[in-house]
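The values are calculated or read from the model by the stated rules, or taken from the named source; none is laboratory data. Only a predicted model underlies this, so the values are computations on that prediction, with no experimental measurement involved. Cβ placement follows ideal geometry from the backbone for every residue including glycine, while neighbour counts extend to all protein chains displayed. SASA here: full protein model, heavy atoms, side chains in, ligands and nucleic acids out. Shrake-Rupley method; radii C 1.70, N 1.55, O 1.52, S 1.80 Å.
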Amino acid sequence: MTSSVPMESGTRQTFDRALWHTYTVVNRTFSDVVVSVFQGDSTSIWIHDYHLLLLPLMLRRRLTGAKIGLYLHTPWPSSDVYRTLPVRDEILRSILSVTLLGFNLFDYARHFISCCTRLLDLE
């Protein structure tokens, strides 16, 4: 199943739900492995970049007290761009479940905060 996503150029891009499902399965597989080797309170979990953006919430649900960090090496788009993504809420909520979050630049962090404020109606 696909849906159409508007692009800045005025064109539309296809969002492929089958690919999103695969992305979800890959994140779930990583979650299973991390949970299997997790050694309790002395263990910190570090996640890097956009490949595993669903992993934090998957881990948080299974390892409630875990210290989970996420560092994004890639730019975070403005909320005007990010709002076009059909799965934006799921990704934002997963990222918000981390203990520590890092971005390369302050502008990327500002864009992320703006996305959460505007798209999830959070203050």
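Points worth noting:
- Long-range neighbours under 7 Å by Cβ, at least six apart or interchain, first residue farther than 14 Å from residue 84 by Cα and open to solvent by 80 Å² or more (accessible area, probe 1.4 Å) within region 6-28, second among the aliphatic types (A, V, I, L, M) and at pLDDT 90 or above: 28/58
- Unmet criterion (only one of (1) in contact with a strand residue (DSSP E or B) (Cβ under 6 Å, 6 or more places away or on another chain); (2) of a type in the set (S, T, N, Q); (3) at pLDDT below 95) for residue 64: (1)
- For region 84-123, the set of residues classified as basic (Lys, Arg) and surrounded by 14 or more Cβ atoms within 10 Å (Cβ to Cβ) consists of 88, 93, 118, listed by residue number.
- Residues in region 61-89 that are assigned to a helix (DSSP H, G or I), of a type outside the set (Ser, Thr, Tyr) and touching a helix residue (DSSP H, G or I) at 6+ places or on another chain (Cβ under 8 Å) were compared, and the one that is nearest to residue 105 (Cα to Cα) is 88.
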